[in-house]
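Readers should treat all values here as calculations from the given coordinates under stated rules, not as data from a laboratory. Quick caveat: nothing in here was measured; it's all calculated off a predicted structure. Note: ideal-geometry Cβ built from the backbone for every residue, glycine included; neighbour counts use all protein chains shown.
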Amino acid sequence: MPAPKKTAAPAKAVKPVVKTAAKSVEKGIAKTPAKASEAAPAVDKSYGPKPGSKAPAFKLSDDSGKTVSLSDFKGKKVILYFYPKDSTPGCTTESCDFRDNLNRFAKSGAAVLGVSADSVDSHRRFKEKQGLNFPLLSDPDHKALDAYGVWQEKSLYGRRFMGIVRTTFVIDEEGKIARVFPKVKVGGHVDEVLAALK
């Protein structure tokens with residue numbers, strides 16, 4: 001008598017794979033950007049004044065409304081750091097690192113100045129909240145931002161926009177650019193700048 005045929009087990013239902021990348025992009029959170037260049041703002045490393053050139057002059061209002069000029073620091077080194085926006089995580093960390101090391105900069109004969117396009121009132125609130133001990137300069141008209149070449153087009157997840165490229169300039173006692181730190185990574189940056197003053 002022939003053996004009964006075995007009945008194949010019913011196949012398990014396979015759930016359809018739903019691609020969510022488009023939805024992630026809409027929310028501005030793409031886990032796997034199509035191109036590496038979309039994962040971080042694009043930066044032109046050739047921008048701005050070069051080491052050895054004269055630092056562009058500026059007159060900007062600080063967080064108290066007082067006018068501050070580069071010429072006010074004649075005969076002294078100046079650390080001029082440009083940052084994107086008050087009270088954002090990276091900018092807060094960077095500013096607090098400068099705050100915590102201000103005595104070390106003073107021993108090297110250097111003054112520290114922070115610059116962004118935020119208003120005087122925004123700077124005042126940011127400075128008070130974080131206990132910053134150096135001036136924050138307001139440049140809403142982009143005069144210094146343009147002169148130092150840090151106001152640029154950026155690209156993030158395929159979206160293009162204008163903004164400040166995080167950059168630090170070391171200006172020597174003669175008013176010349178001694179060192180440029182483009183596309184700054186916040187972690188360890190202050191130590192890099194201090195090392196450049198030795």
### Task
For region 98-176, state which GluC sites (Glu not before Pro) are in a DSSP loop and have at most 12 other beta carbons lying within 10 Å of their beta carbon.
E174
### Query
Any idea how far apart K85 and A106 come out in nm if each label point goes 7 Å out from Cα toward Cβ?
3.3 nm
## Note on the structure
Checked against the positive end of the charge dipole of region 35-196 (+1 on Cβ of Lys and Arg, -1 on Cβ of Asp and Glu, about the Cα centre), the farthest of W151, P49, F82 is P49
### Task
Mind scanning K50/K77; K77/K154; K66/K154; K59/K85 and naming the pairs with a C-alpha gap bigger than 23 Å?
K77/K154; K66/K154
### Task
Can you tell me the order of 111-120, 185-194, 131-140 when each peptide is scored by its average per-residue count of other Cβ atoms within 10 angstrom, highest first?
111-120, 131-140, 185-194
